[in-house]
Amino acid sequence: MRDFNENTATDGVLKSFQTIKNQRLKELMGSIVSHLHMVVKETEPTFEEWLKAIEFLTKTGQKCDDRRQEFILLSDVLGVSMLIDTINNRKNNNETESTVLGPFHAPAPEIKLGDNIAKHVEGEKCFVKGTVKNSEGLIIADASVDVWQSGPDGLYDVQKGNNVVDLRGKMKTDIDGNFCFRTVKPQFYPVPTDGPVGEVLNLLGRHPYRPAHIHFMVKAEGYEDLTTHAFIEGDPYLDSDTVFAVKESLIRKLNDINDPLDGKPCKELEFNVIMEKNKLE
């Protein structure tokens, strides 16, 4: 190409994609370049602004390691993660809605029903229970229920750097599709702000907080995998979650009960799950 200018730039780059054999890659690259060029033409960034953007992306990559994914966090706070999740998890019936995975999922220890996943933190006790069924109301036994949450200090175990696994566990539903476990009451917390994403939130005048929640990843043979949250009714950040992940159907009330095991007062969270049958079946 010998006549690269504002008018020919986009077509020139798109023509270079004609030899791409993977049609999906060709479609994605064409769309990305077209929209990126459009943004550049509309906003006319300076060289200094362009370099700032390159520097930001470089810092974002440098902040990533095996315990933290800053690019996922960036995707989260820009609403991209939730948009992709929503597009790929459209529901046709009454199945439980999905939401973002988040950057802190990690392998969890196998636990028995009723076990306490809060091994190394103190907080208000909470008994969590639920049943896994399909959209027709049929019980799903032996489903895998993987759960994780932050502690009262707002940190996940993988953020603490001490290799201590806490506030996470994986269990199987019983023959009646039931699951239960003990933990501490979840609290709202800020996403990490010590990196480039935190700097962006500050520049945008946005708070970094996520409403209190517990993560669930549920899997069962013959059904679509489900990644979701149970949010807590009354949390002050339900309407301004910094990663836009709240859905009305996922908000649950905490009830006051006596623990079924020791009879002591605690909170109870009930989170029933309705699974979607495999789309390919």
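The numbers here are math on the coordinates, done by the rules we state, and not lab data. Since this is a predicted model, take the numbers as computed values, not measurements. For neighbour counting, all protein chains shown are included, and Cβ atoms are generated from backbone atoms with ideal geometry for every residue, glycine included.
Observations on the model:
- Positive-pole candidate from THR96, LEU269, GLY154, dipole of region 72-275, charges at beta carbon: GLY154
- Radius of gyration, Dmax [region 140-214; alpha carbons; angstrom]: 16.2, 52
- Region 1-89: relative contact order in percent, alpha carbon pairs under 8 Å with at least 6 residues between: 14 percent
- Kirkwood analysis of region 72-275, using all unique Cα-Cα pairs, places the hydrodynamic radius at 17.5 Å.
- Distance from the Cα centroid of region 240-281 to that of region 42-82 is 33 Å (rounded to whole angstrom).
- Taking the Cα centre of region 72-275 as origin and assigning +1 to Lys and Arg Cβ atoms and -1 to Asp and Glu Cβ atoms, the resulting dipole is close to 120 debye.
- Cleavage-rule hits (GluC sites (Glu not before Pro)) in region 1-58: DSSP loop, at most 14 neighbouring Cβ within 10 angstrom: GLU6
- Charge dipole of the chain about the Cα centre (unit charges at C-beta), most positive-ward option of MET1, VAL184, ILE117: MET1
- Exposure proxy order (Cβ contacts within 10 Å, fewest to most) of VAL145, VAL200: VAL200, VAL145
- Distance violations [Cα-Cα > 19 Å] among LYS52/LYS160; LYS91/LYS185; LYS91/LYS277; LYS119/LYS160; LYS170/LYS279; LYS63/LYS160: LYS52/LYS160; LYS91/LYS185; LYS170/LYS279
- In order along region 209-218, the phi-based Karplus estimate (6.51 cos²θ - 1.76 cosθ + 1.60, θ = phi - 60°) of 3J(HN,Hα) comes to 8, 10, x, 4, 6, 10, 7, 10, 10, 10 Hz; Gly and Pro are listed as x.
- Student exercise, region 36-146 dipole from Lys, Arg, Asp, Glu Cβ charges, in Debye to nearest 20: 240 debye
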